[in-house]
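Working notes for the structure below.
The values are calculated or read from the model by the stated rules, or taken from the named source; none is laboratory data. Every value quoted in this text rests on a predicted model; they were computed, and no experiment measured them. Every residue, glycine as well, gets a Cβ built from its backbone with ideal geometry; the counts of neighbours run over all protein chains shown.
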Amino acid sequence: MTNSDDLSKIRMQGIHVELTPGLQSAILQKFSTLLEHDSRIVRLNVRLHKDQRLGHDYHYTATAQVELRGPDLVAHAEDKDAYAALDKLSQKLDQLLERRHDRRKDKRNHPHGVELEADLPKVPSPSRS
């Protein structure tokens with residue numbers, strides 16, 4: 001379980017929907033696991049937006065932005081149920097974080113040489129006596 005400092009990294013916003021204590025706890029529960037996976041996450045912004053489409057059916061769009069070193073990760077998911085949209089969103093972010101981690105690990109384990117286009121003078125290595 002994460003501590004309260006980690007939970008303060010999660011920012012929640014409801015647009016045209018009230019974030020009830022149930023929705024807030026669902027957001028904290030689903031997205032706190034992402035904080036456990038990657039300790040370099042600075043902040044996690046989660047927005048839940050409710051639109052009224054045809055008839056009386058509501059349509060929910062969940063959007064999240066993960067702020068970390070380098071480019072931020074952004075994902076969104078849509079569903080007729082708010083909890084399902086949040087679940088889909090957390091799965092997408094988990095996949096994005098895993099893919100980013102794999103790329104960093106691959107870059108670290110398989111470095112590439114750098115070729116410079118300039119002629120550099122060769123310096124003799126110091127002799128050891």
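Here is a check on your reading of the model: is residue 47 part of a loop (DSSP other than H, G, I, E, B) and among the charged types (D, E, K, R)?
No, not satisfied.
Can residue 98 be described as modelled with pLDDT of 75 or more, within 18 Å of the chain's Cα centre (by Cα) and either of a type in the set (Val, Ile, Thr) or on the phi < 0 side of the Ramachandran plot (or both)?
yes
Can you tell me which residues in the range 58-96 are among the basic types (Lys, Arg) and surrounded by 15 or more Cβ atoms within 10 Å (Cβ to Cβ)?
Within the range 58-96, 88, 92 qualify.
Give the range 26-57 a look and list any residue that's β-branched (Val, Ile, Thr), at pLDDT below 90 and surrounded by 15 or more Cβ atoms within 10 Å (Cβ to Cβ), or say none.
Residue satisfying the conditions is 41 alone.
Assess whether residue 15 counts as being closer than 13 Å to residue 82 by Cα and not charged (D, E, K, R).
When the stated conditions are applied, residue 15 passes them.
Just one of the numbered conditions (1) surrounded by 16 or more Cβ atoms within 10 Å (Cβ to Cβ); (2) modelled with pLDDT of 90 or more; (3) within 13 Å of the chain's Cα centre (by Cα) is not true of residue 23; which one?
With respect to (1) surrounded by 16 or more Cβ atoms within 10 Å (Cβ to Cβ); (2) modelled with pLDDT of 90 or more; (3) within 13 Å of the chain's Cα centre (by Cα), residue 23 is out only on (3).
Assess whether residue 84 counts as being more than 13 Å from residue 64 (Cβ to Cβ), modelled with pLDDT of 75 or more and either in a helix (DSSP H, G or I) or hydroxyl-bearing (Ser, Thr, Tyr) (or both).
When the stated conditions are applied, residue 84 passes them.
Checking residue 35 against (1) of a type in the set (A, V, I, L, M, F, W, C); (2) under 22 Å from residue 101 (Cβ atoms); (3) assigned to a strand (DSSP E or B), only one condition comes out false. Which one?
Failing condition for residue 35: (3).
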